[in-house]
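Visitor: Handing you this structure, nothing more for now.
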Ligand code: HEC
């Protein structure tokens, strides 16, 4: 990398690329800049880059090294992605998915080992206890209307709204000390009442009204705002719910608390309350999910659900129609197509069309429900709750009108 005065080879290459850009290039498209200011702004931007190129590149090289070690750890035999064909692609392989928790654990382990000069031990010694032994890939949950979601993450593990954003920032940034606290606070308030995008196609309101009654009877007990219960009874893939063992949980909490690098940090929330997250006790940050009795998934509020496809925490069911009719669920389907199917409610997914979709959408990938963490089981059996039958399986052709009405209603949420 060199220094600002004597740049190294890579730094010099980047500086040359910047210098070769035409005059005004780095002021182009910036809002509220008059034509007579372009030259000065362009000069300032170039100077800022030249001054900071070395620290930026060094930071990148360091974090890339830790991330590379983390990937090597994750793909070791027996590790989270080390099960050959049974493992899904590493996190990021599939559009709209990530393994936030699993990645964070392995990044933290790699970061600690690098700091102690023990990367070789990490990659050749016994697998660390905190590291999950299976992939815990999930979809991105709905982030709108956080006010209706009183606990966060698919498994309800992260509590206060501020901390949910820290949990989201950490796996991206990797280093607790670099997390932006104010950003987490601003996002928490911005998302509090952010409405979902409304369904963009026509809705049959008569059908939807029939569906609303069916929803109240069969679904509303669980899918209601601020329901903090977790439902292992629903029987969906349990990998994500089991991601934290006691060693991993301790590591998570320590990383969250380390992210609070400014103990004085605080802000006023939408309700006028003073929030001082860095003084919060552990029980307001992370709920214990290390024992089977505490593991399961939240029944999320279903507002904006049309846009959340594919469904379930692991995105394993492409459409609402297939979610309601478990007998019709596709064992293999495409992710990453952005043509919408308003009948089934979800993105187009047919694997037979892989080649033509891939030509249009380069990030299209295959979701194979036989892979670790990607199972499409669960939410497929009728349940007795408080003495009342809740129908979850609408596969019977005799129920097709009712399933259609439910789907129509869900479009209005
Ligand atoms: C026993 C409680 C319960 C009942 C009753 C129930 N659900 Fe669910 N539902 C859940 C849970 C728990 C999840 C999350 C499972 C997961 O992500 O693995 C879920 C997930 C969903 C999802 C996917 C959400 C997403 O963002 O991907 C939809 C859609 C859904 N349910 C619709 C319904 C409908 C429609 C009914 C009624 C016919 C219903 N549910 C009845 C508990 C329930």
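The values are calculated or read from the model by the stated rules, or taken from the named source; none is laboratory data. Source: prediction; values computed, not measured. So basically every Cβ, Gly included, is an ideal-geometry build from the backbone, and we count neighbours across all protein chains shown.
Visitor: Just need a number here: residues in segment 269-308 that are in contact with a helix residue (DSSP H, G or I) (Cβ under 7 Å, 6 or more places away or on another chain) and not in a loop (DSSP other than H, G, I, E, B).
Guide: The qualifying residues number 6.
Visitor: For segment 170-189, check the following and say yes or no: at least one residue is closer than 27 Å to residue 234 by Cβ and at pLDDT below 95.
Guide: Step one: of segment 170-189, the residues closer than 27 Å to residue 234 by Cβ are 171.
Filter again for at pLDDT below 95, leaving 171.
Within segment 170-189 (the criterion being closer than 27 Å to residue 234 by Cβ and at pLDDT below 95), the answer is yes, since at least one residue qualifies.
Visitor: Select from segment 112-147 the residues that are touching a residue at least 60 places away in the same chain (Cβ under 8 Å) and under 17 Å from the mean Cα position of the chain (by Cα) and list them in ascending order.
Guide: Correct list: 135, 136, 137, 138, 139, 141, 142, 144, 145.
Visitor: Among the candidates 78, 65, single out the residue that is within 28 Å of residue 114 (Cα to Cα) and modelled with pLDDT of 90 or more.
Guide: Working: 65 fails: modelled with pLDDT of 90 or more.
Just one listed residue meets the conditions, 78.
Visitor: So residue 166 fits all but one of (1) within 26 Å of residue 59 (Cβ to Cβ); (2) surrounded by fewer than 20 Cβ atoms within 10 Å (Cβ to Cβ); (3) touching a strand residue (DSSP E or B) at 6+ places or on another chain (Cβ under 9 Å); what number is the exception?
Guide: Checking residue 166 against (1) within 26 Å of residue 59 (Cβ to Cβ); (2) surrounded by fewer than 20 Cβ atoms within 10 Å (Cβ to Cβ); (3) touching a strand residue (DSSP E or B) at 6+ places or on another chain (Cβ under 9 Å), the one that fails is (2).
Visitor: Hey, another quick one. Go through segment 208-225 and report how many residues are surrounded by fewer than 18 Cβ atoms within 10 Å (Cβ to Cβ) and in contact with a strand residue (DSSP E or B) (Cβ under 6 Å, 6 or more places away or on another chain).
Guide: Residues in segment 208-225 being surrounded by fewer than 18 Cβ atoms within 10 Å (Cβ to Cβ) and in contact with a strand residue (DSSP E or B) (Cβ under 6 Å, 6 or more places away or on another chain): 1 in total.
Visitor: Looking at this structure, is residue 254 under 30 Å from residue 320 (Cβ atoms) and free of Cβ contacts under 8 Å to residues at least 60 places away in the same chain? Break it down into steps so the answer makes sense when it comes.
Guide: On the way: under 30 Å from residue 320 (Cβ atoms): no; free of Cβ contacts under 8 Å to residues at least 60 places away in the same chain: yes.
No: the conditions fail for residue 254.
Visitor: So, one more: What residue, of 244, 253, is part of a helix (DSSP H, G or I), away from the ligand (no atom under 14 Å from the Cβ) and surrounded by 14 or more Cβ atoms within 10 Å (Cβ to Cβ)? Before the answer, list the steps.
Guide: Working: 244 fails: part of a helix (DSSP H, G or I).
Exactly one of 244, 253 is part of a helix (DSSP H, G or I), away from the ligand (no atom under 14 Å from the Cβ) and surrounded by 14 or more Cβ atoms within 10 Å (Cβ to Cβ), namely 253.
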